[in-house]
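In what follows, a single structure is set out as structure tokens and then discussed.
The values are calculated or read from the model by the stated rules, or taken from the named source; none is laboratory data. Here the structure is a predicted model, which means the values were calculated and not measured. Here the Cβ positions follow ideal geometry from the backbone for every residue, glycine too, while neighbour counts run over all protein chains shown. Quick note on the areas: whole protein, heavy atoms, side chains included, nothing else; ligands and nucleic acids left out. Shrake-Rupley method; radii C 1.70, N 1.55, O 1.52, S 1.80 Å.
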Amino acid sequence: MKVLVNTKVNGTPVQEAVTPRSSLADFLRDDLGLTGTHLGCEMGACGACLVLLDGAPVHACLVLAVQAEGGTVETVEGLTETGAVADLQENFHDRNALQCGYCTSGMLMSAQALLARNAAPSRDEIRDALSGNYCRCTGYEAIVDAIAATGRARAAATESAQAASANTEAAE
Amino acid sequence: MKLPAFEYLRARSPEEAWQLHSEVEGDAVYLSGGHSVVPSMALRLQAPSRLIDISGIADLHGVVAQDNALRIGAMTRHAEVMDNPLVARHAPLLALAAPHVAHPAIRNRGTLGGNLALADPASEFPAAVLALRAEIEIIGPEGSRHVPADEFFLDLYETALAPGEILTAVHVPLPPASRVFAFDEIARRRGDYAMVGAAAQADLEKGMIVDASIAFFSVGFTPVRAKAAQAALIGAPLSRESVARAQASLAEDLDPPDDPGFPAHRRLQLARVLLGRVLNQMETRP
């Protein structure tokens, strides 16, 4: 028997009847056509299916679609279309931080959540945040580089914005 | 794999939950965070006909300091256990254990109650509640009861929970300010199950250990209290000699299984090394 689910996906309210056995990942991919969320292991080990649920990264393969009731979901489509991760994407590109790209949407979710919490993470902290994300191509080093570079750039941008506003206040 | 088909129902109260549970005798599973239930279904380790979502039951939520104990609701996610200031202050072993539990995304969904109800012997929280001498709050058709952690973990994935009962909260006795805590584990990689892990707390008076509570995990079918090691410490100062005595007595406490490629004697040796580490961490705590 299908269950009605009300949720918000990438800013758009969604109401759909879903079968209970559908994972959030299947719901996003098959019902909503958001195929940027990738399915790897379907048992919570590889991290390819990470999405943001109420702002925190979760495995879309381990969350049932029915459990997203009342929640807010952001997928890689949402984060890229709003430009929220444009700098991360740029740095992943610059550092060749992907090869086949299957893990990348999950990596972006973990990276975005880490940088939101900790603007200037150490390499160890980045590796810890990525401990549930498998990449079988890159050897991770370039991914850590790209996230560290994004963190530094964002921290510098925040600092100069604060300095600019302090200057404006001083001028007034 | 995709999950086998099942019926999904939401319970708004404990009464509704066990009513729905009893309708399909032996074939219903409660769902909180779902981070053990869902993968076990994906792996076809179980295929219940009905999942009863208990995450909306109000009684399972919240962290509250009460008269003598900190009540941590069963729905408290691992990430909240890690960050909650009341947990850090009153139940530090849980806060210290949380970063070792799986990976960040798992910690955002997995719940403390679900973790304890599963009773994975390689998991961190069961040993932490044992060392904290916590009580498990259970509610069921027969009423509500508190079970000491020492009597809760019975065997491999087997607990004091009767069919239909719900683990509602954990009660951690409020510690005196002087109590010291330490938690550590030895794992091959970050987020992997530990080869061996330990949670410990001790009370010191004038430099002498007057009480010690030590629990190991990944050493058998349940988390294990290290009674002989505790006894070896009580009445002595925390010193090289008392630590060595506690390490030597661990053979009486632990009887780890002989795994292919990981013999029991090696696990016991790692447990001794780890006990030394956690006791030294206690010593260096401010």
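Here are some notes:
- Neighbours by Cβ (under 8 Å, 6+ apart or cross-chain): first from segment B:137-154, open to solvent by 40 Å² or more (accessible area, probe 1.4 Å); second part of a helix (DSSP H, G or I): B:PRO141/B:TRP18; B:PRO141/B:SER22; B:ASP150/B:LEU130
- Any hit, segment A:77-94, residues being touching a Ser or Thr at 6+ places or on another chain (Cβ under 7 Å) and either under 17 Å from B:ARG77 (Cα atoms) or facing chain B (nearest Cβ under 10 Å) (or both): no
- Of all the residues in segment A:129-161, those that are away from chain B (no Cβ under 14 Å), in contact (Cβ under 8 Å) with a residue 60 or more places away in the chain and open to solvent by 50 Å² or more (accessible area, probe 1.4 Å) number 2.
- Filtered by the rule that a residue be open to solvent by less than 20 Å² (accessible area, probe 1.4 Å) and in a loop (DSSP other than H, G, I, E, B), segment B:121-136 gives B:PRO121, B:ALA122, B:SER123, B:LEU132, B:ALA134.
- Residue match in segment B:97-108 (condition: within 13 Å of B:LEU161 (Cβ to Cβ), more than 14 Å from every other protein chain (Cβ to nearest Cβ) and not hydroxyl-bearing (Ser, Thr, Tyr)): no
- Matching option when the condition is open to solvent by 10 Å² or more (accessible area, probe 1.4 Å), in a loop (DSSP other than H, G, I, E, B) and either within 26 Å of A:LEU50 (Cα to Cα) or in contact with a strand residue (DSSP E or B) (Cβ under 9 Å, 6 or more places away or on another chain) (or both), among B:SER55, B:SER22, B:SER40: B:SER55
- The one condition in (1) open to solvent by 40 Å² or more (accessible area, probe 1.4 Å); (2) more than 19 Å from B:VAL243 (Cα to Cα) that B:ARG179 fails to fulfil: (2)
- Each residue in segment A:43-85 was checked for being among the acidic types (Asp, Glu) and closer than 29 Å to A:ARG136 by Cβ, and 3 of them qualify.
- Test: residue in segment A:46-56 that is more than 10 Å from chain B (Cβ to nearest Cβ), out of contact with any Lys or Arg (no Cβ under 7 Å at 6 or more places or on another chain) and touching a residue at least 60 places away in the same chain (Cβ under 8 Å): yes
- Residue in segment A:30-38 that is open to solvent by less than 20 Å² (accessible area, probe 1.4 Å) and either modelled with pLDDT under 95 or within 14 Å of chain B (Cβ to nearest Cβ) (or both) present: yes
- Failed criterion for A:GLY70 (all others in (1) crowded, with 16+ Cβ neighbours inside 10 Å; (2) more than 10 Å from the chain's Cα centre (by Cα); (3) outside any helix (DSSP H, G or I); (4) touching a residue at least 40 places away in the same chain (Cβ under 8 Å) hold): (1)
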